[in-house]
1. Here is a list: His92, His60. Which entry is in contact (Cβ under 8 Å) with a residue 24 or more places away in the chain, closer than 30 Å to Ala340 by Cα, assigned to a loop (DSSP other than H, G, I, E, B) and touching a Gly at 6+ places or on another chain (Cβ under 7 Å)?
2. So which residues in the range 159-204 are surrounded by 19 or more Cβ atoms within 10 Å (Cβ to Cβ) and among the polar types (S, T, N, Q)?
3. Of these, Ser295, Ser303, Ser355, which one is touching a Lys or Arg at 6+ places or on another chain (Cβ under 6 Å), more than 15 Å from Leu245 (Cα to Cα) and of a type in the set (S, T, N, Q)?
4. If you take the residues of the range 350-371 that are more than 19 Å from the chain's Cα centre (by Cα) and basic (Lys, Arg), which of them is nearest to Pro297 (Cα to Cα)?
5. So which pairs qualify, if the first residue must be in the range 114-129 and buried (at least 19 other Cβ atoms within 10 Å of the Cβ), the second must be part of a loop (DSSP other than H, G, I, E, B) and at pLDDT below 95, the Cβ gap must be under 6 Å, and the two must be at least 6 apart or on different chains?
6. Residues being modelled with pLDDT of 95 or more, small (Gly, Ala, Ser) and assigned to a loop (DSSP other than H, G, I, E, B): count how many of those fall in the range 282-306.
7. Read through the list (1) surrounded by fewer than 20 Cβ atoms within 10 Å (Cβ to Cβ); (2) at pLDDT 95 or above; (3) acidic (Asp, Glu), then give the number of the only condition that Glu324 fails.
8. Test each condition in (1) crowded, with 16+ Cβ neighbours inside 10 Å; (2) part of a strand (DSSP E or B) for Leu67 and report the one that comes out false.
Amino acid sequence: MRSPRLLFPVLLAALACPVACAPAPRATLPPMAESESEPIAAARPWVIAHRGASAWRPEHTLAAYALAMEQGADAIEPDLVSTRDAVLVARHDNELSATTDVAQRGEFAARKARRRVDGDWVEGWFVEDFSLAELKTLRARERLPQLRTREWDDQFEVPTFDEIVELVAAHAAASGRVVGLVPEIKHPSHFVALGLAMDQPLLDALAAHPYTRRAPVLIQSFEIGNLRALRKQLPRDGNVRLLQLLGGPGESPYDAVLSGSRITYAQMATPDGLREVASYADAVGPGYAMLQIQSVPDGRYRSALVDDAHAAGLEVVVYTFRPENYFLEPPFRNADGPAARNEEGAAEQLRAYLSTGVDGIFVDDPALARRVVGGR
C-alpha cells in the first residue's frame, strides 16, 4: 500500500472518457470460498490483511501473513519489489532501512546510496542493489516502533513471493479455507527503468503455482500503464483481477508525470474517470479519507465515490484501517494517547465506512476486522 512520499502515474489520454461512455458491467471481486468446495452464499466485504497482520508482527514477513490467516483474513497483501537478480520479494518500499537491520550491517555500509525514486530523492539501502542471497541475511524490523512493539525485531527473513504463495497454499490445505492474494507491484516505472520489470515475473509466478491458478488474486498498482498492459493478458472472467489504487487527490500517478500529463487521482475519481478506469481494472482502491462519507437519516453513511464507482462497474477496496488512536479519525479516538490500541473506536470507524457499501478493506488487524465484518 501507499508510501507517503510517493507520487504515482497515468496518461491524460488514458482517462479521456466522454460523459456518454456507457458504464461497464459491474465487476465482482474473485469469489471467496468458505472451503475448497463450498463457495460463500452471500457476498461480504473482503478483509485484506495489509502487509499481513502488521498490527501484531513486523510487516511483510511470513509470520505476519500466517497470523493474518489464523485471524480470519480473506486475503493477504504482499507489496512486491525486485532484487538485483530479478527475484520478487515482499517489502513496502525498495528502500530497506525502515523495515530491516541493514543500517546496522557493516558489510553493507558501502551500499548506502541516494537516488531518485518516483520523482523523490531517497537515501538509504535499495533492494535492487542486493542479490536474493544477500537480502536473505537481513532481518525484518517493526516499521512503526513508536506505536508498536519491537519484541519481534530481527527474528524473520524477507520472504520471496514464491515463499508467500507456498505459505498460503499450505494454510489452505491444512484449514480447508481458500485465502486470496492481493499483490501490489511497487514502483513499476522505477523497476522498468532498471531492467527489472515485475509484471511478467508476477504472472509467471502465478501461473507456476497450482494454488494461484485457481485461488482469487487481485493485482494492484498506483500506476496505470502496467495495469493496462496486464489487462491485455488477463481474461475478464479469470481468477486474476486488477485493482487501480488511488493516491492523494492532488497527486498524479508517476507514469503520468513521466509522460508530461498531470492528471490527478481526484480526476480519476470522478464519474468519467471511474468509467475509464473500469475499461481496464475491476476495482478501485482509494484511501478511506477520499470517500468523504456523509451520514444519512437511517444512521448509515454514503459516499459519492463508492456510488459512482459501483455505477461504473467497479468494486471499491479501501485502505488502510489501523487500530491505534494515532490512525483513527478524531470522532473515534479515546483519551488513552496516540499509541494506544483503541479497538472500540477502530470498530466504530470500520462500521461507518462499511455502511457505504465498500467491497473490501485493507486492515492492519484482521482479527478486529473479522469481528466487525462477521463470517469465518
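The values are calculated or read from the model by the stated rules, or taken from the named source; none is laboratory data. For clarity, every value in this text was computed on a predicted model and none was experimentally measured. Every residue, glycine as well, gets a Cβ built from its backbone with ideal geometry; the counts of neighbours run over all protein chains shown.
1. That would be His60, the only listed residue that is in contact (Cβ under 8 Å) with a residue 24 or more places away in the chain, closer than 30 Å to Ala340 by Cα, assigned to a loop (DSSP other than H, G, I, E, B) and touching a Gly at 6+ places or on another chain (Cβ under 7 Å).
2. Within the range 159-204, Thr160, Ser189 meet the criteria.
3. Just one listed residue meets the conditions, Ser355.
4. Going through the qualifying residues, I end up with Arg351.
5. If the second residue must be part of a loop (DSSP other than H, G, I, E, B) and at pLDDT below 95, the pairs left are Asp118/Leu6; Asp118/Leu7.
6. Going through the range 282-306 one residue at a time, the tally reaches 1.
7. (1)
8. Answer for Leu67: the failing condition is (2).
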